[in-house]
1. Please work out which one of (1) part of a strand (DSSP E or B); (2) at pLDDT 95 or above is the condition LEU223 fails and give its number.
2. From the list ALA104, ALA135, which residue is closer than 26 Å to MET314 by Cβ, without any contact (Cβ under 8 Å) to a residue 60 or more places away in the chain and among the aliphatic types (A, V, I, L, M)?
3. Does GLU303 meet the test of being open to solvent by 40 Å² or more (accessible area, probe 1.4 Å), modelled with pLDDT of 80 or more and in contact with a helix residue (DSSP H, G or I) (Cβ under 6 Å, 6 or more places away or on another chain)?
4. Working carefully through the options VAL286, VAL312, find the one that is in the same structural domain as GLY230 (by TED's automatic domain parsing) and outside any strand (DSSP E or B).
5. Inside the range 236-246, can you point out the residues that are in contact (Cβ under 8 Å) with a residue 60 or more places away in the chain and touching a strand residue (DSSP E or B) at 6+ places or on another chain (Cβ under 9 Å)?
6. Report yes if TRP69 is closer than 16 Å to LEU167 by Cβ, open to solvent by 20 Å² or more (accessible area, probe 1.4 Å) and touching a residue at least 24 places away in the same chain (Cβ under 8 Å), otherwise no.
7. With GLY191, GLY168, GLY203 as the choices, which residue is touching a residue at least 60 places away in the same chain (Cβ under 8 Å) and on the phi > 0 side of the Ramachandran plot?
8. Using the structure shown, decide if ARG157 is within 12 Å of GLY258 (Cα to Cα) and more than 22 Å from the chain's Cα centre (by Cα).
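The values are calculated or read from the model by the stated rules, or taken from the named source; none is laboratory data. Keep in mind that this is a model prediction, so the values were computed, not measured. Every residue, glycine among them, receives a Cβ derived from its backbone with ideal geometry; neighbour counts consider all protein chains shown. Please note that ligands, DNA and RNA were not included when accessible areas were found on the heavy atoms of the full protein model with its side chains. Shrake-Rupley method; radii C 1.70, N 1.55, O 1.52, S 1.80 Å.
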Amino acid sequence: MKPVLWLIFLVLLAEITVAAEPPSHQEVRQVMGTLATVQVWAADDSTARVAADSAFSIFTAVDSLMSTWNGHSAVSRLNAAPAGTWVTVGPEVCAVLRASLEAARRTGGAFDPTVLPLVKLWGFRGGQPAVPDTAALSRVLKRVNFEAVEVGRERARLNLDDQAVDLGGIAKGHALDRAAAAMIRAGASGGVLDLGGNLVVFGEGPGHEVGVVDPDDPQSLLLVVPMTSGSVATSGQYERFVSVEGQAYGHILDPRTGWPVASGISATVLAPEALWADALATAVVVMGAENGLKLLEAMPGTEGVIAGPDGVRMTSGLRAALGLD
Ligand code: AMP
Ligand code: MG
């Protein structure tokens, strides 16, 4: 397939949510560098609005702790400290850092929270995007090593010179888990929250279905997954990219080679926790269809759909749930 057609294919692989009843309240705001849509089901309008506000407050709070665009966030303070210095970042950042290290271990380093120097080198944080020379690439790759990150209860430290973490592949999922919990505390009976390719569904109200568009026939869905609760995340290189001399380079980098992943796959992962759906969707793009599918099969309660140049593949549990076997 020609690259242009392939790009169209990937863009079509998105989640579509269909609700049985309309939400009590729905609101869209720009937050965490993306659009957040919050749908709430509640006994009355004012409860629904308060619950939606609580979700947006969480998104803003997580952004101010974990954004690497904001030089004052806790993660930016950690990144700015000299190698080996403990930095107090608070229990929430520590918990997400710990989860990111676990994701790194489980994926053999395909997911690595220490990719930030690479992200910057390729021009994803401003400046002129360019293909780096080999010397610069190997210098920067030495700092990409999750094993040099230590995390305590309230503080963390990075043990290599100029090492820096980027929680961009996991923080949105974490924010969704927290936001759903906050909405329940605020009295919501159900909700659907969508944060830049990450979705969480909870509670009594919604009764949702998540559809994956058929790339060969954009008018129809390839598959529809009933989702009463849980989360789904989609990752792919088409979401964000830089152009260098007419060539598009996507924002998901392979920590082993230092290059943006070029396989052209898109991964949709369903998991009980949004944090894990988020981290695994990013990781599967790096791992490729074969190894990515093996990983998802090995993780209890986790399912996935991977679309790529070799076709569409899904985990056996999902195939069985959809009656495809
Ligand atoms: P997502 O949109 O969840 O797939 O995450 C992509 C973002 O995670 C990128 O924009 C980077 O900030 C960061 N990232 C890129 N490559 C990796 C990687 N191999 N492991 C962890 N995070 C990554
Ligand atoms: Mg992710």
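1. (2) is the only condition that LEU223 fails.
2. It is ALA104.
3. So GLU303 passes the test.
4. None of the other options fit; the residue is VAL286.
5. Selection gives GLY236, GLN237, TYR238, ARG240, VAL242, SER243.
6. Against the criterion (closer than 16 Å to LEU167 by Cβ, open to solvent by 20 Å² or more (accessible area, probe 1.4 Å) and touching a residue at least 24 places away in the same chain (Cβ under 8 Å)), TRP69 qualifies.
7. GLY203
8. no
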